[in-house]
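Scroll down for the structure; my scribbles are underneath it.
The values are calculated or read from the model by the stated rules, or taken from the named source; none is laboratory data. What you see is a predicted model; the values in this text were computed from it and never measured. Cβ placement follows ideal geometry from the backbone for every residue including glycine, while neighbour counts extend to all protein chains displayed.
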Amino acid sequence: MFKRIISGLLVTALAIGLMTGCASHRGADDSDGIKSRVVSIAIQPSAAFIPLFIARENGWIEEALSEYGVSVVWYDFESGPPMNESIGKGETDLGVMGDVPTVSAINSGQEREVVAISAQAADSYAVLVPADSDISGPKDLVGKRVATTMGSTGHNLIKKFLNSGGVELNEVELVDATTADMPYMLRKKQVDAVALWEPNVTRIVGSGVGRVIGVGSDCGLAGTNTIVGRKEFCEANPKIVSIVLEQYKRAADSLDEVPEAVWKKVARYLSLDENQVRELLPKYNYTVAISQGDIDALNDTIHFLSEIGAIEAYDISAYCNDTYFKAE
């Protein structure tokens, strides 16, 4: 379940919403590319989305949209799947998520657009072993137990990591596990390795439980994270979408100037300390604009998921819209 965090203009937003229905229809003047008078934005605790958190803390999106009489409602989620459900129901308009939730929602029939890239973060995905393990590479994992979340980017990572060393996925024993369970499983030696993502990787290494033996860039995993929107909302409100993305990029470009107080909030949000957050940052490239490389990476995710029978194969390029934000 999610916790709703609402801006200071919530009362006005709800009043307008009750009078006119869902978020996509809270206004009538589209002369400036705006029909809605409220935008609902979904966020989740991942370092891949730090710029959005900073923009929220600074009130930049609210400030930029106030000129157009548009207010902002924030929704906090723990992960991508419940966020997808919310966007699918029309409760939220824009959201940030990883590659698997992005392509899975589109495959399920949700009217969705990829409007930007929140981050490329290949090295935020890692394979870890117990700190005292003598395992150092793919070949050492043959016949071993490896925990990951089945159907996740971690699953894709362990496949690519093994293949990079000439090992097939069926040569290890895969164990389906949540990211919350993997540190315990590693500490108790219930498994020989885990494949997961930040901020879990930093927590495990920081606790002394495990060490990294491979990351996404070692084996061709791009680690592409997206900014998505309901197609109906985006088409009706291109100006709102563009403004949100501009403020995301503004935050991404100002990471060196973020006040200490805001970094403390980011750290709490990610359940890390401030030094750990700063150590994470080099793993993320907050490009915003959609490149052909991003499209290729998302199509690679689709290929992996179709291989394991999780979704039907399709081409993500038909659902990427780069008109809302252009790189300078």
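In this structure, does ILE158 turn out to be within 30 Å of ILE87 (Cβ to Cβ), at pLDDT 95 or above and not polar (S, T, N, Q)?
yes
The conditions are (1) within 26 Å of LYS159 (Cα to Cα); (2) in contact (Cβ under 8 Å) with a residue 12 or more places away in the chain, and TYR248 fails exactly one of them. Which is it?
All conditions pass for TYR248, except number (1).
Results for (1) buried (at least 24 other Cβ atoms within 10 Å of the Cβ); (2) in contact with a helix residue (DSSP H, G or I) (Cβ under 6 Å, 6 or more places away or on another chain); (3) outside any strand (DSSP E or B), shown as yes or no for each residue.
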{"site": "GLY90", "(1), (2), (3)": "no, no, yes"}
{"site": "VAL96", "(1), (2), (3)": "yes, yes, no"}
{"site": "THR102", "(1), (2), (3)": "yes, no, yes"}
{"site": "GLY109", "(1), (2), (3)": "no, no, yes"}
{"site": "SER118", "(1), (2), (3)": "yes, yes, no"}
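Going by what's in this entry, would ARG250 be described as closer than 19 Å to GLY229 by Cβ, outside any loop (DSSP other than H, G, I, E, B) and assigned by TED's automatic domain parsing to the domain that holds ARG230?
Criteria met by ARG250.
Residue by residue through region 66-82, note down the ones that are over 21 Å from TYR125 (Cα atoms) and in contact (Cβ under 8 Å) with a residue 12 or more places away in the chain.
TYR68, GLY69, VAL70, SER71, VAL72, VAL73, TRP74, TYR75, ASP76, PRO82
Quick check on region 237-244. Is at least one of its residues among the hydroxyl-bearing types (Ser, Thr, Tyr) and under 21 Å from GLU111 (Cβ atoms)?
Yes, region 237-244 contains a residue that is among the hydroxyl-bearing types (Ser, Thr, Tyr) and under 21 Å from GLU111 (Cβ atoms).
Name every residue in region 278-328 that is touching a Phe, Trp or Tyr at 6+ places or on another chain (Cβ under 7 Å) and of a type outside the set (Val, Ile, Thr), in order of residue number.
Residue satisfying the conditions is ALA289 alone.
Take the residues in region 288-328 that are aliphatic (A, V, I, L, M) and in a loop (DSSP other than H, G, I, E, B); name whichever of them is farthest from ILE117 (Cα to Cα).
ILE308
Out of LEU94, LEU65, LEU52, LEU157, report the one residue that is in contact with a strand residue (DSSP E or B) (Cβ under 9 Å, 6 or more places away or on another chain) and in the same structural domain as ASN170 (by TED's automatic domain parsing).
Going through LEU94, LEU65, LEU52, LEU157 in turn, the sole match is LEU157.
Could you say which residue among THR202, THR226 is out of contact with any Phe, Trp or Tyr (no Cβ under 8 Å at 6 or more places or on another chain) and under 30 Å from GLU67 (Cβ atoms)?
That would be THR226, the only listed residue that is out of contact with any Phe, Trp or Tyr (no Cβ under 8 Å at 6 or more places or on another chain) and under 30 Å from GLU67 (Cβ atoms).
Just to be sure before I move on: is LYS265 surrounded by fewer than 18 Cβ atoms within 10 Å (Cβ to Cβ), modelled with pLDDT under 95 and among the basic types (Lys, Arg) in the structure I sent?
Answer is yes for this residue.
For region 88-119, name all the residues that are of a type in the set (A, V, I, L, M) and over 10 Å from the mean Cα position of the chain (by Cα).
LEU94, VAL103, ALA105, ILE106, VAL114, VAL115, ALA116
Across region 116-141, what is the number of residues that are of a type in the set (A, V, I, L, M, F, W, C) and in contact with a Phe, Trp or Tyr (Cβ under 6 Å, 6 or more places away or on another chain)?
Matching residues across region 116-141 total 4.
Pick from GLU274, GLU260: which is in contact with a Lys or Arg (Cβ under 8 Å, 6 or more places away or on another chain), within 27 Å of GLU78 (Cβ to Cβ) and surrounded by fewer than 19 Cβ atoms within 10 Å (Cβ to Cβ)?
Unique residue meeting the criteria: GLU274.
Using beta carbons and a limit of 7 Å, which pairs, at least six apart or on different chains, have the first residue in region 213-235 and aromatic (Phe, Trp, Tyr) and the second one part of a helix (DSSP H, G or I) and buried (at least 23 other Cβ atoms within 10 Å of the Cβ)?
PHE233/ALA23
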